[in-house]
1. To the nearest 0.05, what FRET efficiency results for S345 and K285 with a Förster distance of 25 Å applied to their C-beta separation?
2. Expressed in nm to one decimal, what extension gain is obtained for the pair K172 and R378 from 0.36 nm per residue of sequence separation less their Cα-Cα distance?
3. What's the angle, to the nearest 10 degrees (0 to 90), between helix 327-337's Cα axis and the longest principal axis of the chain?
4. In nm, what is the difference between 0.36 nm times the number of residues separating K138 and S157 and their Cα-Cα distance?
5. For each pair in K20/K285; K38/K346; K159/K346; K285/K375; K295/K356; K141/K394, compute the distance between the two Cα atoms and list the pairs where it is over 27 Å.
6. So what J values fall out for the range 273-288 if you push phi through Karplus, 6.51 cos²θ - 1.76 cosθ + 1.60 with θ = phi - 60°, rounded to Hz, Gly and Pro as x?
7. Search the structure for amide H atoms under 5 Å from the amide H of L319, placed 1.01 Å from N in the peptide plane, and list their residues when 5 or more places away or on another chain.
8. Quickly estimate the mean residue ellipticity at 222 nm for the chain, helices only: each DSSP H run with n ≥ 4 gives -39500 (n - 2.57), and the total goes over all residues, rounded to 500.
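Only the coordinates and a few stated rules stand behind these numbers; no lab work does. Just so we're clear, the structure is a prediction, and the values are computed from it rather than from any experiment. When we count neighbours, we look across all protein chains shown, and the Cβ atoms used for this are built from the backbone with ideal geometry, even at glycine.
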Amino acid sequence: MANIIIFSFPYYGHVNYLTKVAKMLSKENQVYMDIDKKYSYMLEGTNVHILETKFQGDTKTEDVGLKKQLESVFYFADGLLACAESYLRDMDYIKKLEPDCIILDSMAYWGKKIAVNLQVPYISSVTMQPIGKEDFSKDLKLVLQGYIGDTSISEKSLKREIRMYEVILQKKYQDEAFYILDCICANGMLNILYTAPELIYYKNAQENSCLFLGILLPEKTKMGNRTKEKGIYISFGTILRLKELIVKCIDGVKDLACTVYVSAGEYEEELRNKYKSYPNINIGKFLKQLDLIEKCSLCICHGGQNTVMESLYYEVPLLIIPQVNDEFINAEFVKERGYGEKILSKEVTSELIKKKSIEIMESRDIKEKVGNASKQLRVYSNQEYRMKQEELCKAVKLLLNKERR
């Protein structure tokens, strides 16, 4: 039995999958999870021990002559490094747990720093499109588009600025091994991916070994024969406040012969009143995504990794309007592979939403390609829960044995 500490990143999609990993590993190991208290309910009734997180988010510091469109990249990285520093200043309670292994969300860089400090193996949970150093350098503008917004800056200038920021942060935190990529997608000695190898955008993304678990379905859930209704699912996640965008999406599809399901977050009541005369529109705060995607014909979303993979698993094409982080990579991935379409926020109109939605749902080519992607995902996703649990525990054990030699 190993002592394992898991460090999460406080985004729902990241925590949702990492808590499932924690539960799986707790069968054979002593598992502790550093988790934001608003997500601790996910671990109720389990053997996982909860540690209160020290995550503080972005920390804005002194002006270092940043280009305006790039300052969010610097402050994001600076905040995560400051967070890592706060953990390293108070390591006594972590040392007392005598961890044999650290598992970190791929954006929780402090987990990697703690593991290196303690000289224990570390595993990365990658709830996004994995990105390697070579990919980061070659495709910098796309990788950072969710952070910089304005892509008018040249690739050469962007590389120069990012390298300058890395040097500043390396000196500030005395961390010569740090790169901006570590804050976006930290690579582990083992990497857990919730997809299939065929569905990785950057083919050489992971430098170390990978364990592909597919999407993590609820226990005993299987993809069976089901009747698809002509339905459209609209969701832009649990964090972003995008009322105007949601309204444009609803307006674009409200008159189609479709049932429309909308996860509206804090705008639930307002939008219910606005569309109360449309019986085909169903609006909730946070709807049960898996239940709805399964029976829909189109998913309109921001392009979060979990939503993209869950849609493909259930043979649902996508219309992606990317907002932040790796969503621009996923949007490009979906468009290039023929799994749907992408629209940039500045291009969105209700008329364009309607046009693209009809084209996607009527395309035989898209339907065939999404069907093939679903088959690839099912190979990894449809394993029995017990088998997937055993595979995960075995992979962790093999890594620990290898590092002990």
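1. 0.65
2. 69.6 nm
3. In the chain, helix 327-337 runs at an angle near 60 degrees to the longest axis.
4. 5.5 nm
5. Correct reply: K38/K346; K285/K375; K141/K394.
6. 5, 5, 10, 5, 8, 10, x, 7, 9, 10, 10, x, 5, 9, 6, 6
7. C299, I300, C301, E341
8. After summing the helix terms and dividing by residue count, I get -13500 deg cm²/dmol.
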